[in-house]
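Contents: one structure, followed by commentary.
Derivation of every value follows stated rules applied to the coordinates shown; laboratory data play no part. Just so we're clear, the structure is a prediction, and the values are computed from it rather than from any experiment. When we count neighbours, we look across all protein chains shown, and the Cβ atoms used for this are built from the backbone with ideal geometry, even at glycine.
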């Protein structure tokens with residue numbers, strides 16, 4: 001079939017990356033997936049003898065990314081779609097969470113995605129073709145207590161995505177930020193890095209939040225397989241959106257947030273206007 005594409009997916013061994021890889025392979029596409037270790041590599045390549053190609057890469061190993069991407073292009077042919085999926089969630093009260101935790105969160109969720117994108121852009125631009133999917137989060141628009149560093153990283157990726165969609169439009173390259181709500185992935189479980197509690201003042205407000213998040217893990221509303229199918233629709237679209245929410249929870253929470261922002265803007269409009277010359 002002539003609609004087959006080559007996808008390059010970071011973090012392909014779990015979560016949305018793995019779900020998308022499986023659905024893409026089932027639809028006849030070819031997938032190059034980055035994984036973190038040899039065991040994950042074997043498991044990934046076993047998904048399809050002919051069409052799944054694994055590569056061991058940590059997206060924070062910035063010095064290796066260019067050569068990995070160049071090798072992928074040379075070996076497997078022109079990549080059509082880059083999916084920046086590699087990432088994890090950090091949970092911790094802002095005051096309790098060391099700067100190092102934030103640096104690590106940004107290295108993976110922001111700098112990793114940026115570095116891989118930079119490696120692909122010369123190829124995409126030369127071909128005047130390509131589609132970049134950045135997996136962000138409803139946490140790139142809304143916020144919740146205890147995930148300041150995570151939300152900050154996703155706000156950053158949202159901003160980069162949106163700007164990039166404008167910069168790359170003249171070259172027929174699309175950029176879509178895909179922002180999921182709560183899904184049954186490892187995000188709140190195995191993948192979540194939690195900073196230990198230390199300040200008793202936050203116990204009353206935050207402990208129930210952490211407990212609820214842990215208990216909800218594995219019972220979330222969203223189905224990763226359906227998210228993958230939605231992403232395949234976006235990839236097949238002739239005019240994909242710059243931003244796509246996934247999940248009815250994301251839809252209602254983001255709508256509420258935007259409405260509150262509009263109400264606040266209206267309430268303070270006089271003061272806002274007062275600063276003009």
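Go ahead and set up a Gaussian network model of the chain, Cα springs under 10 Å, then flag whichever of 223, 207, 266 fluctuates most. Checking each option, the largest mean-square fluctuation is seen for 266. Return one number: the angle in degrees, 0 to 90 and rounded to the nearest 10, between the long axis of the Cα atoms of helix 62-76 and the longest principal axis of the Cα atoms of the chain. Helix 62-76 sits roughly 40 degrees off the main axis of the chain. A Förster radius of 35 Å combined with the Cβ-Cβ distance from residue 205 to residue 267 puts the calculated FRET efficiency at roughly 0.85.
Given their separation in residues at 0.36 nm each and the Cα-Cα distance between them, residue 76 and residue 275 gain 66.0 nm when the chain is fully extended. Label sites at residue 64 and residue 127, each approximated as a point 7 angstrom past Cα along Cα to Cβ, lie 2.4 nm apart. Counting only alpha carbon atoms, the long axis of helix 113-127 and the longest principal axis of the chain meet at about 50°. Going 7 Å from the Cα of residue 3 along its beta-carbon direction, which residues of the stretch 210-230 have the amide nitrogen within less than 20 Å of the resulting point? From the stretch 210-230, the list is 225-230. Taking other C-beta atoms within 10 Å as the exposure proxy, 150, 202 rank 202, 150 from fewest upward. Seen against the Cα atoms of the chain and their longest principal axis, helix 203-216 is set at about 30 degrees. Annotation: for a label point projected 7 angstrom from Cα along Cα→Cβ of residue 26, residues of the stretch 232-255 with backbone N closer than 16 Å are 232-234. Take the Cβ atoms of residue 248 and residue 166, set R0 to 25 Å, and the FRET efficiency comes out at 0.30. Seen from all directions on average, the chain presents a Cα convex hull projection of 17.5 nm². Across all C-alpha atoms in the stretch 42-123, the radius of gyration and Dmax reach 15.5, 50 Å.
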